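Read the structure below first, then the notes.
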Amino acid sequence: MLRKIPLALVGLTVGSILTVMGFIAYGTGNSTLNLAGFFYGIPLLLGGLALKAAELKPIPFLKETTPEVLALRKEKATATQNQLRLDVTRYRYGQEAHLDEALQRLGLSPTDDERPILTKIQEDKINDHYALILYFDSPLIKLETWQEKQEKITKFFGPGIDAKISLAGENEIELALITNS
């Protein structure tokens, strides 16, 4: 549950409450609360604003994961698949986009403007294997370029994973990371 609460919201809420409390205490002559409100509230409020500016929202699931796939995930998912799923479905701070470093290392992000953007994910069962499917909006990096990098993607996310790349829609790439054990 705590993974779903943005840290920026916590900073903004607590900082706002303490700052307002500091102003009220200043107006009523309560110097102790006044100092606490100003010395803690304003920095927390500013920190919350800074985090909000650098916030990267979680990626949504395309559809709800079925109990059958959840059981398969527990049984067959690799540590890489689990870490990837957890990383993209939580709030991130200080990153331009989800998986930006991975895409750069794979040669799929020559510039920030050309970088494919992860838009949604899905967990599924493919041939009795667990699959984590990533959907990228990729208007400037075409399917052929993705397919040329397929072996490199498999090695990058492996071992124990096969990467399958297909076109999911216009400018939308589907990258399925399927367990092979």
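In the range 8-36, which residues are surrounded by 16 or more Cβ atoms within 10 Å (Cβ to Cβ) and within 22 Å of Y93 (Cβ to Cβ)?
A8, G11, L12, V14, G15, L18, T19
Restricting to the range 90-124, what's the tally of residues that are within 24 Å of P6 (Cα to Cα) and either open to solvent by 70 Å² or more (accessible area, probe 1.4 Å) or modelled with pLDDT under 90 (or both)?
Summing the residues that are within 24 Å of P6 (Cα to Cα) and either open to solvent by 70 Å² or more (accessible area, probe 1.4 Å) or modelled with pLDDT under 90 (or both) in the range 90-124 gives 14.
Within the range 37-87, can you find the residues that are open to solvent by 60 Å² or more (accessible area, probe 1.4 Å), among the β-branched types (V, I, T) and closer than 29 Å to G158 by Cα?
Residue satisfying the conditions is T66 alone.
Which residue out of L167, L140 is open to solvent by 20 Å² or more (accessible area, probe 1.4 Å), more than 14 Å from L62 (Cβ to Cβ), at pLDDT below 90 and in a strand (DSSP E or B)?
Selected residue: L167, the only one of L167, L140 that is open to solvent by 20 Å² or more (accessible area, probe 1.4 Å), more than 14 Å from L62 (Cβ to Cβ), at pLDDT below 90 and in a strand (DSSP E or B).
The values are calculated or read from the model by the stated rules, or taken from the named source; none is laboratory data. Keep in mind it's a predicted model, so treat the numbers as computed, not measured. Virtual Cβ from ideal backbone geometry, glycine too; neighbours counted across all protein chains shown. Only protein heavy atoms, including side chains, enter the accessible area calculation; ligands, DNA and RNA are left aside. Shrake-Rupley method; radii C 1.70, N 1.55, O 1.52, S 1.80 Å.
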